[in-house]
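**Q** Okay, here's the structure, questions in a sec.
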Amino acid sequence: MLKGKNIILGVTGSIAAYKTAGLASMLVKKGCNVHVIMTESATNFINPITFESLTGNKCLVDTFDRNFQFQVEHVSIAKLADVVMIAPASANVIAKLAHGLADDMLTTTVLACKCKKIIAPAMNTNMYENPIVQDNIRICQSYGMEVITPAVGYLACGDVGAGKMPEPETLFEYIEKEAGYEKDLEGKRILVTAGPTREALDPVRYITNFSTGKMGYAIARAAALRGAFVTLVTGKTEIKKPSFVNVIEVESAADMFEAVKKEAMDQDAVIKAAAVADYRPKHVNAEKTKKKDGDLSLELERTEDILKWLGEHRPKGQFLCGFSMETENMLENSREKLKRKKIDMIVANNLKVEGAGFGTDTNVVTIITKDRETALEKMTKEEVAHRLLSEIFFA
């Protein structure tokens with residue numbers, strides 16, 4: 001978690017500087033101690049008082065400010081920092097960082113920092129794509145700085161292209177990834193499945209279920225924040241894809257089966273949180289099925305049992321976790337599924353329990369293994385995700 005972390009935000013001369021105020025506010029709300037350092041040119045775009053009001057700390061601009069509370073300001077703040085983010089980062093400041101120039105409060109402080117440095121370039125497309133700027137970015141990366149790829153869109157100068165600074169929510173995610181969680185899953189490879197599958201009836205209609213993908217996405221995101229390399233195989237959903245994750249989108253149960261087979265063999269763990277259709281139409285009409293008098297009967301056939309296949313084909317040492325959503329006899333049905341599928345863990349929940357249904361931000365689960373059963377109280381899906389990962393790798 002970010003509470004109590006010391007974050008330095010560097011702000012340079014760009015129209016995108018106004019976005020950094022939103023980022024500062026988000027960090028403060030999460031309990032961070034935020035110090036903002038601005039270049040002189042940045043003050044032409046946003047007033048330092050804005051950041052002082054948001055953070056409760058003096059906004060630094062002048063390297064030789066005699067009224068600041070620390071002695072040797074740039075060194076004192078640098079020692080405190082858990083992460084530094086320069087957003088927006090102009091071409092000028094990127095060049096200084098690449099070559100170790102320190103001629104203002106921001107570059108002096110960054111040069112004195114030993115923590116992770118994250119750069120969010122923001123400039124005209126032609127400037128960003130200039131080979132000199134690209135070389136400077138590569139130099140920064142070679143020194144361990146992380147450079148966020150700019151967004152593509154309409155720029156303040158009227159051009160359309162790469163160079164937009166990402167939104168504060170995206171910048172926040174980079175800081176959270178770096179400073180929010182212990183990297184106890186670093187080096188682990190985890191495959192997560194999520195969301196519903198769609199089984200076509202014809203070019204217009206399909207059979208699906210009410211899964212939104214929230215639980216699987218929470219697991220993928222939590223694993224990535226803790227340092228794992230995560231592959232997410234997901235059915236069609238309406239929610240934002242988690243950042244820092246290799247996302248593979250599929251539609252049908254057959255599509256998901258093929259994607260999982262391709263990715264599964266080199267994973268340390270596979271967590272199957274997707275709601276895969278058990279049946280699909282045996283015949284898919286090439287044209288739209290027209291309405292007629294009387295009833296319509298559909299002949300269905302079984303889909304591939306992905307979890308069963310994984311249980312029978314997994315490599316030695318791989319951990320397999322499945323999910324079991326029930327409406328009755330939850331524990332009995334889930335225990336039987338654990339045994340039948342030859343897996344290590346099943347996460348069971350009852351659709352009829354308040355807070356455990358599809359589309360909610362919470363879940364109420366029981367974690368079942370061969371040796372024990374652990375019933376968890378109602379938690380957010382993010383909390384469940386972290387608890388589940390800890391149970392898999394550290395219990």
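The values are calculated or read from the model by the stated rules, or taken from the named source; none is laboratory data. Values in this document were obtained by computation on a predicted structure and should not be read as measured data. All Cβ positions, even for glycine, are placed from backbone atoms using ideal geometry, and neighbour counts span all protein chains on display.
**Q** Residues that are surrounded by fewer than 19 Cβ atoms within 10 Å (Cβ to Cβ) and modelled with pLDDT under 95: which strands (runs of 3 or more DSSP E) entirely in the range 132-236 hold 1 or more of them? Walk me through it before giving the result.
**A** On the way: elements: 151-154, 160-164, 189-194, 229-234.
The qualifying strands (runs of 3 or more DSSP E) are 151-154, 160-164.
**Q** Residues in the range 329-343: is at least one within 26 Å of Val364 (Cβ to Cβ), of a type in the set (Lys, Arg) and touching a Lys or Arg at 6+ places or on another chain (Cβ under 7 Å)?
**A** Pass one, the range 329-343, residues within 26 Å of Val364 (Cβ to Cβ): 329-341, 343.
With the extra rule that they be of a type in the set (Lys, Arg), the set shrinks to 335, 337, 339-341.
Filter once more, keeping what is touching a Lys or Arg at 6+ places or on another chain (Cβ under 7 Å): 341.
For the range 329-343, residues within 26 Å of Val364 (Cβ to Cβ), of a type in the set (Lys, Arg) and touching a Lys or Arg at 6+ places or on another chain (Cβ under 7 Å): present.
**Q** When the range 231-261 is examined, which residues are found to be of a type in the set (Gly, Ala, Ser) and more than 19 Å from Lys214 (Cβ to Cβ)? Explain how you work it out, then say what you get.
**A** Pass one, the range 231-261, residues of a type in the set (Gly, Ala, Ser): 235, 243, 252-254, 259.
If the condition is that a residue be of a type in the set (Gly, Ala, Ser) and more than 19 Å from Lys214 (Cβ to Cβ), then Ser252, Ala253, Ala254, Ala259 are the ones that fit.
**Q** Mind listing whichever residues of the range 374-383 are under 23 Å from the mean Cα position of the chain (by Cα), of a type outside the set (S, T, N, Q) and in a strand (DSSP E or B)? Can you show your working first?
**A** The first filter runs over the range 374-383 and keeps only residues under 23 Å from the mean Cα position of the chain (by Cα), leaving 378-383.
Then keep just the ones that are of a type outside the set (S, T, N, Q); that gives 378-379, 381-383.
The one that is under 23 Å from the mean Cα position of the chain (by Cα), of a type outside the set (S, T, N, Q) and in a strand (DSSP E or B): Met379.
**Q** For the subset of the range 39-61 comprising residues that are within 31 Å of the chain's Cα centre (by Cα) and among the hydroxyl-bearing types (Ser, Thr, Tyr), which member is farthest from Ile94 (Cα to Cα)?
**A** Result: Ser53.
**Q** Here's a follow-up. Among (1) within 22 Å of Cys321 (Cβ to Cβ); (2) part of a loop (DSSP other than H, G, I, E, B), where does His283 come up short?
**A** Answer for His283: the failing condition is (1).
**Q** Considering only residues that are surrounded by 14 or more Cβ atoms within 10 Å (Cβ to Cβ) and in a strand (DSSP E or B), which ones fall in the range 353-373?
**A** Of everything in the range 353-373, those that are surrounded by 14 or more Cβ atoms within 10 Å (Cβ to Cβ) and in a strand (DSSP E or B) turn out to be Thr362, Asn363, Thr366, Ile367, Ile368, Thr369.
**Q** Taking the residues in the range 30-47 that are surrounded by fewer than 17 Cβ atoms within 10 Å (Cβ to Cβ) and in contact (Cβ under 8 Å) with a residue 12 or more places away in the chain as candidates, determine which candidate is nearest to Ala81 (Cα to Cα). It would help to see each step written out before you state the result.
**A** So the first thing to find is which residues in the range 30-47 are surrounded by fewer than 17 Cβ atoms within 10 Å (Cβ to Cβ), and the list is 31, 40-41, 43-44, 47.
Among the residues that remain, those that are also in contact (Cβ under 8 Å) with a residue 12 or more places away in the chain are: 31, 40-41, 43-44.
Details: Gly31: 14, Glu40: 22, Ser41: 24, Thr43: 23, Asn44: 26 Å.
Among those residues, the one meeting the criterion is Gly31.
**Q** Just one of the numbered conditions (1) surrounded by fewer than 23 Cβ atoms within 10 Å (Cβ to Cβ); (2) part of a helix (DSSP H, G or I) is not true of Asn57; which one?
**A** Going through (1) surrounded by fewer than 23 Cβ atoms within 10 Å (Cβ to Cβ); (2) part of a helix (DSSP H, G or I) one by one, Asn57 breaks only (2).
**Q** Hey, can you tell me all the residues within the range 114-131 that are surrounded by 20 or more Cβ atoms within 10 Å (Cβ to Cβ) and not β-branched (Val, Ile, Thr)? Give the steps one after another, and end with the answer.
**A** First, the residues of the range 114-131 that are surrounded by 20 or more Cβ atoms within 10 Å (Cβ to Cβ): 117-123, 128.
Those that are surrounded by 20 or more Cβ atoms within 10 Å (Cβ to Cβ) and not β-branched (Val, Ile, Thr): Lys117, Ala120, Pro121, Ala122, Met123, Tyr128.
**Q** Between a residue in the range 262-282 that is of a type in the set (Gly, Ala, Ser) and any residue that is in a loop (DSSP other than H, G, I, E, B), which pairs come within a Cβ distance under 6 Å, given they are 6 or more apart or on different chains?
**A** Ala274/Gly195; Ala275/Asn209; Ala275/Ser211; Ala277/Thr197; Ala277/Thr303
**Q** Condition (residue is at pLDDT 95 or above, assigned to a helix (DSSP H, G or I), touching a strand residue (DSSP E or B) at 6+ places or on another chain (Cβ under 9 Å) and of a type outside the set (Phe, Trp, Tyr)) applied to the range 116-128: is it met by at least one residue?
**A** No, the range 116-128 contains no residue that is at pLDDT 95 or above, assigned to a helix (DSSP H, G or I), touching a strand residue (DSSP E or B) at 6+ places or on another chain (Cβ under 9 Å) and of a type outside the set (Phe, Trp, Tyr).
**Q** List every residue pair whose Cβ atoms lie under 6 Å apart, where the two residues are 6 or more positions apart in sequence or sit on different chains, the first residue falls within the range 308-328 and is closer than 18 Å to Ala253 by Cα, and the second residue, located anywhere, is surrounded by fewer than 18 Cβ atoms within 10 Å (Cβ to Cβ).
**A** Once the first residue is closer than 18 Å to Ala253 by Cα and sits in the range 308-328, its partners that are surrounded by fewer than 18 Cβ atoms within 10 Å (Cβ to Cβ) give Gly311/Lys342; Met325/Leu351.
**Q** Consider the range 369-395. How many of its residues are touching a residue at least 40 places away in the same chain (Cβ under 8 Å), aliphatic (A, V, I, L, M) and either closer than 20 Å to Asn333 by Cα or touching a strand residue (DSSP E or B) at 6+ places or on another chain (Cβ under 7 Å) (or both)?
**A** Residues in the range 369-395 being touching a residue at least 40 places away in the same chain (Cβ under 8 Å), aliphatic (A, V, I, L, M) and either closer than 20 Å to Asn333 by Cα or touching a strand residue (DSSP E or B) at 6+ places or on another chain (Cβ under 7 Å) (or both): 3 in total.
**Q** Now for a separate question. Val247 versus (1) within 30 Å of Thr149 (Cβ to Cβ); (2) not in a strand (DSSP E or B): which is the lone unmet condition?
**A** Answer for Val247: the failing condition is (2).
**Q** Please specify each residue of the range 306-348 satisfying the condition of being assigned to a loop (DSSP other than H, G, I, E, B) and not aliphatic (A, V, I, L, M). Please lay out each step first, then the result.
**A** Quick first cut of the range 306-348, residues assigned to a loop (DSSP other than H, G, I, E, B) only: 314-318, 327-329, 342-344.
Selection gives Arg314, Pro315, Lys316, Gly317, Gln318, Thr327, Glu328, Asn329, Lys342, Asp344.
**Q** I would also like to ask the following. Could you check the range 342-352 and list, in sequence order, the residues that are surrounded by fewer than 16 Cβ atoms within 10 Å (Cβ to Cβ) and either under 19 Å from Ala274 (Cβ atoms) or under 26 Å from the mean Cα position of the chain (by Cα) (or both)?
**A** So in the range 342-352, the residues surrounded by fewer than 16 Cβ atoms within 10 Å (Cβ to Cβ) come out as 342, 351-352.
The answer is Lys342, Leu351.
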